[in-house]
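To keep things clear, I will list the structure first and then write my remarks on it.
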Amino acid sequence: MNEEHLALKETVRGLLAKSDDEGLWARLCGDIGVSAFAIPERFGGFGGLAEAHIVLEELGRTLAPVPMLGSLIATRALLASGDQRLLPGIADGSTLAALVWTGADGRWDPEEVAITATGTLDGTAHYVLDGDLADVLLVAARTEGGVDLFEVDPAQDGVEREHVTTMDSTRHLAVVRLTGAVGRRLGPAKLAEVRDIACAALSAEQVGTASRALELTVEYTKTRVQFGRPIGGFQALKHRMADLHVLVETARSASYAALHDGDPVSAAVAKVYCSEALCRVAGEMIQLHGGIAITWEHDAHLYFKRAHGSAHLFGSPSQHIARLGEAAHAR
């Protein structure tokens, strides 16, 4: 990272340290402008995916319940469609957009969407990031010609939105039901491209979560005393934590490779590797904290739940491993 990236990282970390959840998104947008990242300057944006990557890693460290990930993905879907009318509002933080895509199976397949467009928009989409909070819904719907993106006003009678209870309480997901809803066609929904960006963005968040989980675990082993000495001084635990450190750093490398390479293979690798790395670190966090880790009083359970919830977002690791197998076979 260059000096500007390091300054951004420290600024975001400092804001997160002194802010509570209420009003956090407004401060991130107003003070730092995170909603404008990856939006062209002519529409009020600045920065790019690299800056968004840095912010997402910091948000992952604190499990911040803000709509950064969902907003970024919706923005990239909008840019890919070719329609740019909504971008200024998203950039200044006054408009929150949510991408409506997958069905109950949560496959996030570019060729499989939950909504059909036959004069009106109909169907039920699941796992919509911040779907019940969004000011506008960007709906990927099956048409006669393929899959297109539609702008839908969530206030109309044909739209029903429901916040769903999730294992990971720090991730805001919703079910969106459309029954005879009307929408404005924006252009083709290039979901394969959007999924790759989503996987790369999620991997940054996962790296941040894994990094902080490991830091908390190391700190705990320095203060937890057994047999007259801190447990972090035992050789076996030193080896385990050293292995976890290597795992986190290689996950970070995979995440940045997905960002800079911008190809489907790197995105799939990042999704698989970072998902599995976070699950392992979170599991070890539970183990090394002992009994306190399985109580509500400690945050370990939040990291564990985030790990397993994120692993299935935008497709499970097994689905992306299958993608990698198909790519290797094609070569």
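Of note:
- Looking only at region 89-146, and only at residues there that are in a strand (DSSP E or B) and of a type in the set (Gly, Ala, Ser), the one that is farthest from residue 163 (Cα to Cα): 146
- Exclusive hit being in contact (Cβ under 8 Å) with a residue 40 or more places away in the chain and either among the charged types (D, E, K, R) or in contact with a Leu (Cβ under 6 Å, 6 or more places away or on another chain) (or both), set 60, 70: 70
- Checklist (1) at pLDDT 95 or above; (2) touching a Pro at 6+ places or on another chain (Cβ under 6 Å) applied to residue 170, failing item: (1)
- Meets criteria (assigned to a helix (DSSP H, G or I) and over 21 Å from residue 312 (Cα atoms)) for residue 61: no
- Listing of strands (runs of 3 or more DSSP E) fully contained in region 149-213 that carry 2 or more residues being in the same structural domain as residue 61 (by TED's automatic domain parsing) and either farther than 18 Å from residue 126 by Cα or of a type in the set (A, V, I, L, M, F, W, C) (or both): 173-181, 184-188
- Any pair with Cβ under 7 angstrom, 6 or more apart, that starts in region 80-108 at a residue that is closer than 19 Å to residue 188 by Cα and in the same structural domain as residue 172 (by TED's automatic domain parsing) and ends at one that is modelled with pLDDT of 95 or more and of a type in the set (S, T, N, Q): 86/95; 97/71; 97/75; 108/102
- Within region 103-126, the set of residues being under 17 Å from the mean Cα position of the chain (by Cα) and more than 18 Å from residue 75 (Cβ to Cβ) comprises 106, 107, 109, 126.
- Failed item, numbered, when residue 38 is tested on (1) on the phi < 0 side of the Ramachandran plot; (2) within 17 Å of the chain's Cα centre (by Cα); (3) outside any helix (DSSP H, G or I): (1)
- Any chance residue 74 is within 22 Å of the chain's Cα centre (by Cα) and buried (at least 23 other Cβ atoms within 10 Å of the Cβ): yes
The values are calculated or read from the model by the stated rules, or taken from the named source; none is laboratory data. Source: prediction; values computed, not measured. Quick reminder, even Gly has a Cβ in these numbers, built from the backbone with ideal geometry, and neighbours come from all protein chains shown.
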